[in-house]
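Remarks on the structure that follows.
The values are calculated or read from the model by the stated rules, or taken from the named source; none is laboratory data. All of these numbers come straight from a predicted model, not from anything done at the bench. Backbone-built Cβ (ideal geometry, glycine too); neighbour counts: all protein chains shown.
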Amino acid sequence: MKKVILSLVIPIIFIVPAFAQAGKDAALRSRIEELSKPVKGIVGVSILNLETGDTLSYNGKARLVLHSVMKFPIALTVMHMVDSGVFTLNQVMQIPRRDLVKDTHSPMRDKYPKGVDLPLSEIIKYMVAESDNNACDFLLKTIGGAKTVQDYMLHIGLRGIAIRASEADMASMWELQYTNWCKPVEMTELLDQFYRGKILAKPTTDTLYKIMTETTTGANRLKALLPAGTVVAHKTGTSPTNAEGLSPATNDVGIITLPNGKHLIISVFVCNSTNDEATREGVIAKIAKAAFDYYSK
């Protein structure tokens, strides 16, 4: 199994110099490098101060495993189809029992084990805010599969985000999770375009942003060390851990509202790590806190 994994990871993950940028943010870059040292794996970070345009990248062009962070591009694709008149947010969709598979994270299945009719807006909320895998795969099937999402990413000009496999695909074969990847700088760009209203109409932008602020997963990641009440609109991604202790993805990406009213877009990926979960999540939390403190000045 180790040989198979390595054969897949090597062509996917390209490490670039950690600090391609020098200048006034050197102290923060140095701090991120220091915080990343305990990780036995790859840490990728991309930061954008939305109002000032300041950016920071640490392995930001590496190809890192997405896992459930992919649900954000999927949600954008569905919302684009709402804007285009293909769907409406209050449109009721029938989710049959056969689509509520067992042995996967699914609060929706737990609440409606026999199947349910739900408005599209609620299914999107399950997928994004609660990272529901059944909701994700139901929406993927409804819109025509992962290729529809991939095509939409290319349409809006983002080539550093790859969506190839569903949640069920990834669960069926370990190697398939590596086919869903992104470059942290591209995820930050996607979040930037989304927040600025360059992708969706204002009503759908506002709806998805609100859903992201209600995310229940990742309490020990981006939000963990920030002051109580800090608004964070984010999406997490978490892989399983194999018998050798390898975790391909522990991620959190989002938009943080700073005390000064500005906004920090941040994407943090911890890829192919053999650390325990507390260490992986702690690195994300500490990087977010360092960026928050730096840009709040």
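Among the residues making up the range 72-105, those that are more than 18 Å from PHE194 (Cβ to Cβ) and outside any loop (DSSP other than H, G, I, E, B) are VAL92, MET93, GLN94, ILE95, ARG97, ARG98, ASP99. In the range 168-190 there is no residue that is closer than 21 Å to GLY218 by Cα, in contact with an Asp or Glu (Cβ under 7 Å, 6 or more places away or on another chain) and either part of a helix (DSSP H, G or I) or acidic (Asp, Glu) (or both). Residues of the range 234-293 that are part of a helix (DSSP H, G or I), in contact (Cβ under 8 Å) with a residue 12 or more places away in the chain and out of contact with any Leu (no Cβ under 8 Å at 6 or more places or on another chain): GLU277, ALA278, THR279, ARG280, GLU281, GLY282. Residues of the range 126-153 that are among the aromatic types (Phe, Trp, Tyr), in contact with a Ser or Thr (Cβ under 9 Å, 6 or more places away or on another chain) and in contact (Cβ under 8 Å) with a residue 40 or more places away in the chain: TYR152 alone. Looking only at the range 115-125, residues that are touching a Ser or Thr at 6+ places or on another chain (Cβ under 9 Å) and acidic (Asp, Glu) come to 0 in all.
MET108 passes every criterion in (1) at pLDDT 95 or above; (2) out of contact with any Leu (no Cβ under 9 Å at 6 or more places or on another chain); (3) over 22 Å from GLU189 (Cβ atoms); (4) assigned to a helix (DSSP H, G or I) apart from (2).
Under the condition of being aromatic (Phe, Trp, Tyr) and either within 16 Å of THR215 (Cβ to Cβ) or touching a residue at least 40 places away in the same chain (Cβ under 8 Å) (or both), the residues counted in the range 107-125 number 0. Condition test on MET153, is it among the hydrophobic types (A, V, I, L, M, F, W, C), buried (at least 22 other Cβ atoms within 10 Å of the Cβ) and either at pLDDT 95 or above or farther than 28 Å from TYR58 by Cα (or both)? Here the answer is no, as MET153 does not meet what is asked.
Please find, within the range 254-277, the residue that is surrounded by the fewest Cβ atoms within 10 Å (Cβ to Cβ) out of those that are within 19 Å of the chain's Cα centre (by Cα), within 13 Å of VAL39 (Cα to Cα) and of a type outside the set (Val, Ile, Thr). Result: GLU277.
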